[in-house]
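> I'd like to ask you about the structure that follows.
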Amino acid sequence: MLIEKLIADLLLRHNCVVVPSFGGFVSKQTSAVIDYKTGVMHPPKKSLLFNKQLINNDGLLASVLAKETGQTFDEASSEIQKQVIS
């Protein structure tokens, strides 16, 4: 569950989080919208999509996982790969 939590936390600060050999989660900020006909205001939000073609490791997830768990970068990368396989 730690990797999933890290992905969620990283998406709050970054526009893209790549899970190597799996795909990337891409977020897009949407501005607030006012519907003048109905008088309804919609707050700003982030939309999230998944791109299965973003598979190359950018190191972001592994470096944060290594920092959180006290592992080396290679150990964290291996842990992510095990999660992807399972």
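Nothing in this text is a laboratory measurement; each read-out follows from the coordinates by a stated rule. On a predicted model such as this, the values are computed, not experimentally measured, just so you know. Backbone-built Cβ (ideal geometry, glycine too); neighbour counts: all protein chains shown.
> Compute the separation of the alpha-carbon centres of region 1-37 and region 50-64 and state it in Å as a whole number.
When both Cα centres are located, 13 Å separates them.
> Now for a separate question. Using Cα-Cα distances under 8 Å and only pairs 6 or more residues apart, what relative contact order does the chain have, in percent?
Values: 117 pairs, mean separation 24.6, N = 86.
Computed over the chain, the figure is 29 percent.
> Follow-up question, since we're still on this one. Within the chain, which is the longest segment containing none of the trypsin sites (Lys or Arg not before Pro) that sit in a DSSP loop and have at most 14 other Cβ atoms within 10 Å?
Working: sites that count: 37, 52.
Longest site-free region, per DSSP loop and neighbour criteria: 1-36.
> Dipole of the chain, Cα-centred, from +1 at each Lys and Arg C-beta and -1 at each Asp and Glu C-beta, to the nearest 20 debye?
Details: 9 positive and 8 negative charges, 92 e Å.
For the chain, the charge dipole is close to 440 debye.
> 7 Å from Cα along Cα→Cβ at both residue 81 and residue 16: what's the point-to-point distance in nm?
2.3 nm
> Just name one of 69, 80, 24: the one whose Cα is farthest towards the positive end of the charge dipole of the chain (beta-carbon charges, Lys/Arg +1, Asp/Glu -1).
Farthest towards the positive pole: 24.
> Name the residues of region 36-69 whose amide N is less than 20 Å from a point 7 angstrom out from the Cα of residue 5 along the C-beta direction?
60-69
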